[in-house]
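Heads up, the thing below is written out as structure tokens.
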Amino acid sequence: MANYDLTPRIAPNLDRHLVFPLLEFLQERQLYEDDQILKAKIELLNKTNMVDYAMDIHKSLYHTEDVPQDMIERRAEVVARLKALEEAAAPLVAFLLNAAAVQELRADKQYNLQMLREKYQIGSEQIEALYQFAKFQFECGNYSGAADYLYQYRALCTNSERSLSALWGKLAAEILMQNWDIAVEELNRLKEIIDSKNFSSPLNQVQSRVWLMHWSLFIYFNHDNGRTQIIDLFNQDKYLNAIQTSAPHLLRYLATAFIVNKRRRPQFKDFIKVIQQEQHSYKDPITEFLACVYVNYDFDEAQKKMKECEEVILNDPFLCKRVEEGNFSTVPLRDEFLENARLFIFETYCRIHQRIDVGVLAEKLNLNYEEAERWIVNLIRGSKLDGKIDSKTGTVLMEPNQPNVYEQLIDHTKALSGRTYKLVGQLLEHAQPQAQSAR
């Protein structure tokens, strides 16, 4: 299953601290040799301040209690640097810990800067020191402290680029602490900035969107409403274009979200076209399953792909999570995926056949005869499919499903309206930079 592991593609788009949970998962699943994972961890740790953790990994990798001298020296440097930064940021940290003093802050940043300078002798140097202290805390693995200080820093910072950098750091810290509700808020904040900011190059904006989507995987496959939100983000034209040009492997996660999310069927048809277009640049069992069912109508191959999909989900660090259904129960995403995958096969198969042998269908659904019969009965009762089971002949009889002309007209009108809206939006987007340059 290492052939389907996307970590080598995903990791370059993450902060190095976000890669550690992926390596922990791979180590647990034993997809690679243990020594390979430990060496990868040390390589990552060498560029952070988590020296104690690096020492522990070194001991495990080389089966020794001794550590290299450079690690010992590096640890001393980190401790000294942390102390220096703590002292530099101390005046502002003390102010922030004073609840009565913090009440004096307002929404006006310029007022706050003047007030801090005149009343508390806190200037731009101390504010910059707070940023450096927060960043260093993050590099040391103190994500809680880093998140708090980065939040405070952004409230005082007047440099938009530095504020954006602090927001990325805050998002990473919330993800690593698994504060999913707060992480969603920071993610949405970051998306709004990325979509509205004037980048020096369109490529930089595309890259920022690619990073955002990769980071969002941690959130969307852990958050209650994540499967809907990932479609809302990834399926937007600008983000879908970024996927197709720079990160086609993200189609795995959008495809999975569509499969387990029954409420998104209107957008699903267009997504199948994307899967078909991108088969040359990326495919895995999940995207191939959709192609088998909706492009090639190869149901035998689709049934084989379902088994592979199950393995992919179990060995993917994001898809193996348990997802919450409302407020009532939790079910593995794998189970929901397989249930809906069977539904996709059944619905498509039934739309091109009027009489179906239950035994044949059972084989295609990877169920025994009795399970298939019960499953089909329950499905017909709860779906729009007009059919019935003839127990004597062991067949499912489907009534022809003639398309409603009026519904088709409404759908085409909605689609035309949507395309017109997108076209107007693109024209306005291109017109704004031209107007600014004309000034």
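The values are calculated or read from the model by the stated rules, or taken from the named source; none is laboratory data. Fair warning: this is a prediction, and the values are worked out from it, not measured in the lab. Positions of Cβ are generated from backbone atoms using ideal geometry, with glycine treated the same way; all protein chains shown enter the neighbour counts. These area figures cover heavy atoms from the full protein model, side chains too; ligands, DNA and RNA do not enter into them. Shrake-Rupley method; radii C 1.70, N 1.55, O 1.52, S 1.80 Å.
Report yes if ILE380 is more than 27 Å from the chain's Cα centre (by Cα) and modelled with pLDDT of 75 or more, otherwise no. Yes, satisfied. Annotation for region 396-406: at least one member residue is more than 30 Å from TRP180 (Cβ to Cβ), at pLDDT 80 or above and of a type outside the set (Lys, Arg). For region 278-292, what are the residues that are assigned to a helix (DSSP H, G or I) and either of a type in the set (D, E, K, R) or at pLDDT 95 or above (or both)? Listed by number, the residues that qualify are GLU278, PRO285, ILE286, THR287, GLU288, PHE289, LEU290, ALA291, CYS292. Applying the criterion of being open to solvent by 10 Å² or more (accessible area, probe 1.4 Å) and under 22 Å from the mean Cα position of the chain (by Cα) to the residues of region 275-305, the residue that is nearest to TYR349 (Cα to Cα) is GLU288. Taking the criterion of being in contact with a Lys or Arg (Cβ under 8 Å, 6 or more places away or on another chain) and either open to solvent by less than 30 Å² (accessible area, probe 1.4 Å) or modelled with pLDDT under 85 (or both), the residues of region 313-322 that qualify are ILE313, ASN315, ASP316, LEU319.
Confirm whether ALA155 is out of contact with any helix residue (DSSP H, G or I) (no Cβ under 7 Å at 6 or more places or on another chain), in contact (Cβ under 8 Å) with a residue 40 or more places away in the chain and within 23 Å of LEU96 (Cα to Cα).
Numbers: out of contact with any helix residue (DSSP H, G or I) (no Cβ under 7 Å at 6 or more places or on another chain): yes; in contact (Cβ under 8 Å) with a residue 40 or more places away in the chain: yes; within 23 Å of LEU96 (Cα to Cα): yes.
When the stated conditions are applied, ALA155 passes them.
Using the structure shown, decide if TYR253 is among the aromatic types (Phe, Trp, Tyr) and over 23 Å from LYS305 (Cα atoms). Working first, answer last.
On the way: among the aromatic types (Phe, Trp, Tyr): yes; over 23 Å from LYS305 (Cα atoms): no.
Judged against the criteria, TYR253 is not a match.
Elements of the type helices (runs of 4 or more DSSP H) sitting completely within region 7-49 and holding at least 3 residues that are buried (at least 18 other Cβ atoms within 10 Å of the Cβ): these cover 16-29, 34-45.
Which one of ASN159, ASN179, ASN188 is open to solvent by 50 Å² or more (accessible area, probe 1.4 Å) and modelled with pLDDT under 95? From the options ASN159, ASN179, ASN188, the qualifying one is ASN159.
Any residue at all in region 247-268 that is of a type outside the set (Ser, Thr, Tyr), part of a helix (DSSP H, G or I) and more than 24 Å from ILE219 (Cα to Cα)? Spell out the reasoning first.
Step one: filter region 247-268 for residues of a type outside the set (Ser, Thr, Tyr), giving 247-252, 254-255, 257-268.
Next, from what is left, pick out any that are part of a helix (DSSP H, G or I): 248-252, 254-255, 257-260, 262-268.
Subset that is more than 24 Å from ILE219 (Cα to Cα): 266.
The answer is yes; a qualifying residue exists.
Per-residue answers, yes or no, for (1) within 22 Å of the chain's Cα centre (by Cα); (2) modelled with pLDDT of 85 or more; (3) closer than 20 Å to THR256 by Cα:
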position	(1), (2), (3)
GLU324	yes, no, yes
THR330	yes, no, yes
LEU333	yes, yes, yes
ASN340	yes, yes, yes
LEU343	no, yes, yes
ARG351	no, no, no
ASP357	no, yes, no
VAL360	no, yes, no
ASN368	no, yes, no
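Filter region 239-270 down to residues that are among the basic types (Lys, Arg) and farther than 26 Å from PRO8 by Cβ and give me whichever is modelled with the highest pLDDT.
Applying the first criterion (among the basic types (Lys, Arg)) to region 239-270 yields 252, 262-265, 269.
The next check asks that each one be farther than 26 Å from PRO8 by Cβ; those that pass are 262-265, 269.
Details: LYS262: 73, ARG263: 73, ARG264: 64, ARG265: 67, LYS269: 89.
The extreme case among them is LYS269.
For region 27-54, which residues satisfy the criterion of being closer than 20 Å to LEU82 by Cβ and not aliphatic (A, V, I, L, M)? Passing the criteria: ASN46, LYS47, THR48, ASN49, ASP52, TYR53.
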